[in-house]
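First the structure, which I've put down as structure tokens, then a few questions once you've had a look.
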Amino acid sequence: MQPFGLDLDYVAVVALFCVGLYMLVAKSNLLKKLLGLNVMETSVFAFIVTAGMVEGGDPPIMVAGTSAPYASPIPHAMVLTGIVVAVSVTAVALALIVQIHAHFGTIEIDELKELP
Amino acid sequence: MRPWSLLLVLLVALPLVAGVATLPPHDAPDAPIHTQVGALYLERGVAETGMKNLVTAVLLNYRGFDTFIEVVVIFTALAAVLALPKGSAPLPKGNAPLPKGSAPVPKGNAPLPQPDAARSQGVGGARSREEEAPEVASDVPVSPVVRFVVRLLAPFIAMFAVAMLFRGHITPGGGFQAAAVFAAVFIALGLVLGQDRAARLVPVDWRPWLQGVAPLAFALVAWIGWRLTGAFLGYPIDDHTVQEAMGFVLEIAIAVGGGVVLARIFLEMET
Amino acid sequence: MTGPWAEALPWAIVLPLVGAALTPAVAVRHPRVSGFWAWGVLLVTAVLTAGLVSELVARGPFSYGLGGWAASYGIELRFDHFSAWVLPLVVLFVVIVPFSWRYLDHVMPDERRPPFYALLLLNAGGMIGFCVTGDLFNLFVFTEVVSLSSYALVAVGGRGLAAFAALKYLFIGAVSSLLMLFATAQLFVLSGSLNMADVSLRLGEIGGGTAVMVAFAAYAVSFMVKAAMFPVHVWLPDAHAIAPSPVSAVLSGMVVKVGIVGMLRIYQIYFGAEVLELGAFNLALVWLGAISIVMGAFFAIFQDDIKLMLAYSTISNIGYIVLGLGLASPYAVIGAAVHVFNHALIKATLFLAAGSIIHQTGFRTLSDLRGVARTMPQTSAAMAIGAVSIVGLPPTAGFVCKWYIALGAFEANQAPFGFALVFGALFIFIYYIRMLNAFYFQPPVHASVAQASETPWSMRGPVVLLASLCLILGVLGGIPLTFVEPAVLDLLPFWGQ
Amino acid sequence: MEVVDVRPILAPFVSFLCAGLVFGFGRSIFWRRFFTFLAAFIKMALVLSMLPGTLQGVVYVYQFVEFTPGIGIGFRADAYGMFFSLVSSTLWVFTTIYAIGYMQGDRDRVRFFGFFALCVSTTVGVAFAENLLTFFLFYETLTICTYPLVVHAETPEALRAGRIYLTYTLIGGGFALVGAVMTLNAAGTLTFAAPGILGMESGVATLAVIFLCLIIGFGVKAAIMPLHGWLPIAMVAPTPVSALLHAVAVVKVGAFGVTRVIYNVFGVELLRELGFATPLALLAGFTIVAASTIALTQDHLKRRLAYSTISQLSYIVLGAALLTPLAATAAVLHIANQAFAKITMFFVVGAITRTTGKKYVSEIDGIGARLPWSMAAFSIAALSFVGVPLTAGFITKWYLALGALEADAWWYVLVLITSSLLNAGYFFPILHRAYFRQAKEPWPPLEPGRRFETPKTLLFPIVICAAYVLLLGVTAEVPGMPFSVAQVAVDGFFAPVGGGP
């Protein structure tokens, strides 16, 4: 499907990216910001995996019952790495949010700004 | 705030759309992504690596170094969580370099008041936490049904993780996935049993080694590969047994190390 | 033909990383051991990197195919002249770590030292990998090691505000990393390869197009964020000011340079492919650099907190580097590349000295620190040398770069930027005069300042060493040139002009 | 004839080492004095040992280290540099003696003497700089090293003065840097050379910008008139510093820089062609008259001397800008003449302040009786400035007037005459008050057996310097004296053009 010469799958990825970015920028709640970041990450992973797929392709596992064309294995490996990175970033962010909550009692930016 | 955010998003969206619009169509078999290195992997992968799951082959062999750094990344996350101050009690006076800290602090060289108070609150990390763990089952009251189900299913979930781990070379799965499931078991048990009892599943003395086991195993395998083939992280190309053994060591290390790291991150975050 | 040291290339990266993984285990009984352990690991790494640089000097750039795979088939490590930056980087780490031994007494309980030093080692290893790798995706993964450890290092010293600053840093940093991943994916989709040299080759075959440009823009923005250039610098001041001083030295001196090195790598790809008309982009860099210089100086003037002021001056100095890159004339680029190191040195001096003063007196604003030079003469002298150096007055390391970049500006017929460069820095000296006056020529207002003692030798030694290096490199300014010049001259034929 | 010799670098290095030793061991008075004197004498010996060679046209060079490819930190003791370094190393000895007496009991003497030595080190570095980069390095270092001396009193007034001083000189330094960079760009080298290193091929506009930048850069320290604002304000510094700033180090470095730019960067021929020197000469002429006029109105002794300095420095600039050999001789000579005369005056003023506490012209009635020797020295210096024959100042004015006529610019002779009258106008009232008025109240008596004078450590340098002023005036043509060195220097400037004095 390519209306206006646009690859809709890719456009969807960009849309997802923008949704995440909007959440990250506009939301006041730190957790929601973090979720926005995760949405963005997911969109990029989706982009990579999408790009690695081929028309009618099978997963790149060479066992009985599969045949060429295969999807490219590199994007899968990249995304796997990417996910681990994303998980790590999320973990650190959560730890920081927990700290902020413990110290200030709130995780809303609006309220944090009003604190002395 | 909001209109500006929308403007920013729009500003980002336009170039991104322009960027993806001019990429080669993603399904086409003649796209560069399918004709370059990827095609070579598909063609020679099984012969060169002995792994039928080429994703695993890429992960552990062709781009093994990426995976090495990847396990370092999750170790970094754990180190980060461990290094953060814990608890909500402020540190003893003089410890916190506050940005506008103009309050006089006790003189520099004087020995610090030892943070005994903080330690008893669990600042001290795993060991002191272990020693002085209060026998409280959980912060949240857990329904007996949930507790029963979790305890019942935990071994089976763990078994599933093991299966994923050992079938990773021929089916979807592998070390990371197993690690995630292992960690899930830990975390679920931690939630229903109380984190202290869950933490006891891993002996204290092993923890420092287990949480770093994935990078360490990678370094070991890299060294072995270096000795065997002369290349860092190299696999002997025609000895499938050795290749598989090296792969399994890595998978197990990733699963165990990753699981421990993820679980520990979760447990450390409980304040 | 490669020499024996080429074999050490992957080990130079892996050593600090493995050292980090071992740190908790090594220090399990005595947490303070972790500091010495980290230092030892870094020392060995320094020896390895010195070997790598000697190999570079002897035989020119060399590659290492990981896993025995050919360059574009597996992951390639490539040690070229820009990678030589790892040697001073590790050496600076080696100097900074002893400073932290005693400094941390006031920052964290002993139990948290092992993870702290693990993070420091990870940071070092990540940066070495970043500078050395020849693979785009690998570059991303190393970026994440560096970034993630940096986020955490910002927050280790305090609660609340520190965590908040770290989180701000994390959000902005993560978005920039994502842009980088996105750009990497774009290039991968376009070229089917992740190896930098290979991508460059294939981009040359494709010959440009919107997608190529968008990828470049995404990379550029991403690295600008990492380097904290003016419009996207907002994360830097708080994070660098609130972190413990040794960490500030690492972050402000070295981690921001990841952005610069990344930029140079992307330049290598795009210039090699000759797909980019860089006139407009260079012009943008020049302007952004000039604005960064002025704005960084401008903000710094209004700070009373010495560390916050130092953090703002990082923005100015990144402005120098970017201005130099954008001017794209040989001298300017050489100056920029030299400043990558010299700024790290100067900033480390300043942050460690400031950290010593804060550590000994408990104060961090100028108005409180009056008269501190009476009781801490050596540290204050180091601070003064650093201040003179960061403004770029001779005979200090800061002047060398200013000289080259100014020379480059006139060489490129961009006289206005030459003037901006020379006089932008003087602007910031207004602030440093205030600092020197407060330290040296005003009576103390607090008893703890008047009775402060000099720091223990483990802290003073690094500060004094770094300060003397600032002076020595001001006179022997030609030394870094040996490494920088060949790389720049390789790159320049494609560079806009 | 060029000879590779380590002495040109050793000379600044001695003072530098001395500064380090003073900072390190200066808490003990003995060691501080020991190191300072040792270094002062070693340095003087080093410089003097090169003198015979210089008189025979030998140029000592030493390349220290390469900085930019082709441009290093290099030292080169040519006749002009030798002349300047002779002046500064001689005066270092006397100023040191004076400072030891003057600073007795003052605080932070370690800092004072340490930075004092650093200043002298950089001054000699400037004198022996082989190229514009080296020159600039030392020039800026001097700026930084004088700052602690200016703010030595640590009063708010001193801090303000320090700030103004730094603002002027650092902005000037910025211009000098831009000028140096543009010179390198245009000429491809920075090494000072006799016919100059720039050429017409760079284009008049570029050359104009370079000239402007370099003259602004060095003119700030030479206190050419719109750039002079810092000098009177910096008078809050202790008197030895004022003496050092106004007679030896800072201002002379500026004037030295201007002459280097005119003769060794642009070159006489190019400047004659371009005509840039004419506005500079006009500006210098204006400064000579205007600063003297302002000096008339100053009641504060040191400020009156400061404006006098501004006026006198422009003699050097004027002499250089006239582009004739005779005027150049005057310019070079005046570096020494003004230095010795002005340092005498500052020493005397410092002695007055230290012994009687008086700071203003209106307070010093009858001081000639209280400080007879000092005031005699002051009178000699004043006569020299007025240009009475047999004093050093006469030589300058004579040659400058000849040079102006040589350049067909007779109106500068009028400027000189006006200036002499003005000098008399502001110095003679001081002498009048000192000798011909009664003190308002009698001087407090000293313990028996001591005569009315200032302490010996202050008096000794005063007398020597005053004697030197006379000596310079009397022995102009005696070989081995500064005049002959100056002639060798001027020969160097004009050799490629042809026609020496």
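With 31 Å as the limit, write out which pairs from A:Lys27/C:Lys347; A:Lys33/B:Lys52; A:Lys113/C:Lys226 have Cα-Cα distances beyond it, or answer none.
Beyond 31 Å: A:Lys27/C:Lys347; A:Lys33/B:Lys52.
Next question. Using 7 Å Cα-to-Cβ label points, what is the D:Leu390/A:Glu108 separation (nm, one decimal)?
So the label points at D:Leu390 and A:Glu108 sit 9.5 nm apart.
Would you mind getting me the FRET efficiency between A:Lys32 and B:Ile170? Use the beta-carbon distance for r and R0 = 41 Å, nearest 0.05.
0.50
Still on this structure: Cα centroid distance between the range B:219-244 and the range C:224-241, in Å?
Measuring centre to centre over Cα atoms gives 43 Å.
Among C:Ser245, C:Gln360, C:Trp101, flag the residue with its Cα farthest along the positive direction of the charge dipole of chain C, charges on Cβ as +1 for Lys/Arg and -1 for Asp/Glu.
Most positive-ward Cα: C:Gln360.
Tell me which residues come under 5 Å, amide H to amide H, from D:Asn131 once H is placed; ignore anything under 5 positions away on its chain.
It is D:Gly74, D:Phe192, by chain and number.
Partner chain Cβ atoms within 10 Å, averaged over the residues of C:58-67 - can you pull that number for me?
3
Can you tell me, using C-alpha contacts under 8 Å and at least 6 residues apart, the relative contact order of the range A:34-91 as a whole percent?
36 percent
Continuing with this model, one more query. Apply 1/(1 + (r/R0)^6) to the Cβ-Cβ distance of D:Val6 and A:Ser67, taking R0 = 60 Å, and write down the FRET efficiency to the nearest 0.05.
That gives a FRET efficiency of 0.15.
Give the separation of the Cα centroids, the range D:179-204 to the range D:81-148, in Å.
Using only Cα atoms to place each centre, the spacing works out to 29 Å.
Dipole magnitude of the range A:3-114 about its Cα centre, charges +1 at Lys/Arg Cβ and -1 at Asp/Glu Cβ only, in debye to the nearest 20?
It comes to approximately 200 debye.
Something else: Need the C-alpha centroid separation for the range C:91-145 versus the range D:374-405, integer Å.
69 Å
Could you state the angle between the C-alpha long axis of helix D:79-102 and the longest principal axis of the C-alpha atoms of chain D, as a value from 0 to 90 degrees rounded to the nearest 10?
That helix lies at roughly 20 degrees to the long axis.
Follow-up question, since we're still on this one. From the square roots a ≥ b ≥ c of the eigenvalues of the alpha-carbon gyration tensor of the range D:392-432, which class results: rounded (a/c under 1.5), prolate (a/b over b/c), or oblate?
oblate
Sort D:Lys43, C:Lys168, A:Lys113, A:Lys32 by Cβ crowding within 10 Å, fewest neighbours at the top.
Taking fewest neighbouring Cβ atoms as first place, the list is A:Lys113, A:Lys32, C:Lys168, D:Lys43.
Continuing with the same structure: What angle, in degrees between 0 and 90 and rounded to the nearest 10, separates the Cα long axis of helix D:132-150 from the longest principal axis of the Cα atoms of chain D?
20 degrees
If you don't mind, another one. What does the structure give for C:129-139 when I average, per residue, the other chain Cβ atoms found within 10 Å of the residue Cβ?
Across the residues of C:129-139, the mean count of other-chain Cβ atoms within 10 Å is 2.
Order by neighbour count: B:Tyr235, D:Tyr360, fewest other Cβ atoms within 10 Å first, most last.
So the residues, fewest neighbours to most, are D:Tyr360, B:Tyr235.
Report the label-to-label distance for B:Trp209 and C:Ser458 in nanometres (one decimal), using points 7 Å from each Cα along the Cα→Cβ vector.
Each label point lies 7 Å from its Cα, and together they span 2.8 nm.
What's the average, rounded to a whole number, of partner chain beta-carbon atoms within 10 Å of each residue's beta-carbon in C:203-214?
Counting other chains' Cβ atoms within 10 Å and averaging over C:203-214 gives 3.
Using 7 Å Cα-to-Cβ label points, what is the B:Met159/D:Ile417 separation (nm, one decimal)?
12.2 nm
In addition: Against the longest alpha carbon principal axis of chain D, how many degrees, from 0 to 90 and to the nearest 10, is the axis of helix D:392-406 turned?
30 degrees
Using a Förster radius of 25 Å, what is the FRET efficiency between D:Arg107 and C:Ser367 based on their Cβ-Cβ separation? Nearest 0.05, please.
0.65
Readers should treat all values here as calculations from the given coordinates under stated rules, not as data from a laboratory. This one's a predicted model, so the numbers in the text were calculated from it and none came from an experiment. Here the Cβ is made from the backbone with ideal geometry for all residues, glycine too, and neighbour counts use every protein chain on show.
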